[in-house]
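K.L.:
Below: one structure in structure tokens.
No lab work stands behind these numbers, since they all come straight from the coordinates. In this text the structure is predicted, and so the values were computed from the model without any measurement. With ideal geometry, Cβ positions are generated from the backbone for all residues, glycine too; neighbour counts draw on all protein chains shown.
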Amino acid sequence: MNTKTIHQLCVGISFIVLFSSASAAYEEIAVNNGATIQGSVKFEGKFPKLPPLQITKSKEICRNVPNETLIVGAGQGIRYAVVTLEGITKGVAVEKEAVHELDNLGCRFVPHVLASSVGQFVVFKNSDPILHTAHALFTSGQPQFNVGLYPGRVSRKPLVTPGVVKIICEVHSWMSAYIVVTDHPYYSVTDVYGEYLISDIPAGNYRLKVWHETLGTEEKPVEVKASGSQNVNFVLSPKPGVKK
């Protein structure tokens with residue numbers, strides 16, 4: 001057995017062990033009379049002044065790159081906030097082998113924020129005619145990875161532990177994105193109106209949590225009743241120390 005084969009075997013075993021350990025906390029069941037939670041995440045207060053991105057190289061390609069660390073749209077809706085159901089230990093099955101795509105396009109990661117479940121995959125693409133990298137910075141037990149992405153290259157990586165993952169490009173320092181990984185399928189990323197929807201929730205008492213890279217996190221307790229439907233809205237404001 002050569003060194004490359006041993007390395008691949010070790011990576012595969014590590015993935016199985018980590019995935020099995022993380023999945024043990026969540027039990028997949030048939031959910032009858034599932035409930036729905038929907039709502040919005042909106043901005044309140046004085047909008048902070050976002051500094052322009054410092055484009056330092058590849059300027060012939062990297063033009064008009066937007067700062068997406070805080071996007072507020074119509075009706076003060078916040079885009080790219082992630083709403084997750086916390087304290088849920090059993091529910092509908094996670095879609096195994098599901099793939100989430102993160103492209104390098106116009107010298108930015110597209111989309112800027114993803115959400116996924118443990119056991120799913122992220123596919124990194126490079127649609128630009130220049131070299132990019134995708135360096136994943138994990139806060140939990142998953143080993144970090146750093147993928148070189150030449151034009152047209154695709155790389156598929158598993159997500160095996162929950163947490164917030166920051167993705168950076170080491171070639172272009174202004175590029176960043178986030179992946180919020182949960183050990184269940186009850187999550188939603190807000191759209192251009194700041195709206196979200198989570199469905200097929202079993203009855204129970206939980207916490208609803210919103211995360212945003214600039215505005216932080218907030219939680220609200222929720223009581224979910226069978227076949228019920230409720231609106232839960234969040235309002236986020238700049239935290240002290242955020243430049244205005």
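K.L.:
Among Phe234, Ser199, Thr133, pick out the residue whose Cα is farthest towards the positive end of the charge dipole of the range 3-236, where Lys and Arg carry +1 and Asp and Glu carry -1 on C-beta, about the Cα centre.
P.N.:
After comparing all options, I get Thr133.
K.L.:
Hey, another quick one. Compute the relative contact order of the range 161-244 as a whole-number percentage, counting only Cα pairs closer than 8 Å that sit 6 or more residues apart in sequence.
P.N.:
After rounding, I find 18 percent.
K.L.:
Can you work out ³J(HN,Hα) from phi for every residue in the range 95-111, in order, using Karplus 6.51 cos²θ - 1.76 cosθ + 1.60 and θ = phi - 60°, giving whole Hz and x for Gly and Pro?
P.N.:
6, 5, 6, 5, 10, 10, 9, 10, 9, 9, 9, x, 6, 8, 7, 10, x
K.L.:
Go through the range 156-166 residue by residue and turn each phi into a ³J(HN,Hα) via Karplus (6.51, -1.76, 1.60, θ = phi - 60°); whole Hz please, and just put x for glycine and proline.
P.N.:
Karplus-based 3J(HN,Hα) across the range 156-166 equals 10, 10, x, 10, 10, 9, x, x, 9, 10, 9 Hz.
K.L.:
Now a separate question. Under a 5 Å amide H to amide H cut-off, with H placed in plane at 1.01 Å, what residues pair with Glu101 once short-range neighbours are removed?
P.N.:
Amide H neighbours of Glu101, under 5 Å, 5+ apart: Val123.
K.L.:
Taking amide hydrogens as modeled 1.01 Å from N in the peptide plane, which residues meet the under 5 Å criterion relative to Val235, leaving out close sequence neighbours?
P.N.:
Lys42
K.L.:
Return a single number: how many Lys pairs in the range 3-236, at a sequence separation of 8 or more or on separate chains, have alpha-carbon atoms below 16 angstrom apart.
P.N.:
Going through the range 3-236 pair by pair, I get 7.
K.L.:
Would you please state the base-10 log of I(q)/I(0) at q = 0.17 1/Å for the range 36-143, with intensities from the Debye formula using one equal scatterer on every alpha carbon?
P.N.:
Ignoring solvent entirely, the Cα scatterers give -1.13.
K.L.:
Follow-up. Before anything else, pin down the relative contact order of the chain: Cα pairs under 8 Å, at least 6 apart, normalised by residue count, whole percent.
P.N.:
Relative contact order of the chain: 30 percent.
K.L.:
Spelling out what I want: for every residue of the range 46-61, take phi, set θ = phi - 60°, compute 6.51 cos²θ - 1.76 cosθ + 1.60 (Karplus), and round to whole Hz; glycine and proline get x.
P.N.:
7, 5, x, 7, 8, x, x, 5, 8, 7, 10, 7, 6, 5, 6, 9
K.L.:
Moving to a separate point now. When only alpha-carbon atoms are used, what values of Rg and Dmax, in angstrom, describe the chain?
P.N.:
In Å, with Rg to one decimal and Dmax whole: 19.3, 62.
K.L.:
I would also like to ask the following. For Gln230 and Ile29 in one chain, what is 0.36 nm times their gap in residues minus the Cα-Cα distance, to one decimal in nm?
P.N.:
Extra length available between Gln230 and Ile29 comes to 70.1 nm.
K.L.:
Kindly provide the helix-only [θ] at 222 nm of the chain, computed as the sum of -39,500 (n - 2.57) over DSSP H runs of four or more divided by all residues, to the nearest 500 deg cm²/dmol?
P.N.:
That calculation yields -3000 deg cm²/dmol at 222 nm.
K.L.:
Here's a follow-up. Using modelled amide H (1.01 Å from N, peptide plane; none on Pro or chain starts), what sits under 5 Å from the amide H of Val118, excluding residues fewer than 5 places away?
P.N.:
Thr182, Asp183, His184
K.L.:
Let me ask another. Once you charge only the Cβ atoms, +1 for Lys and Arg and -1 for Asp and Glu, what is the size of the charge dipole of the range 3-236 about its Cα centre, to the nearest 20 debye?
P.N.:
600
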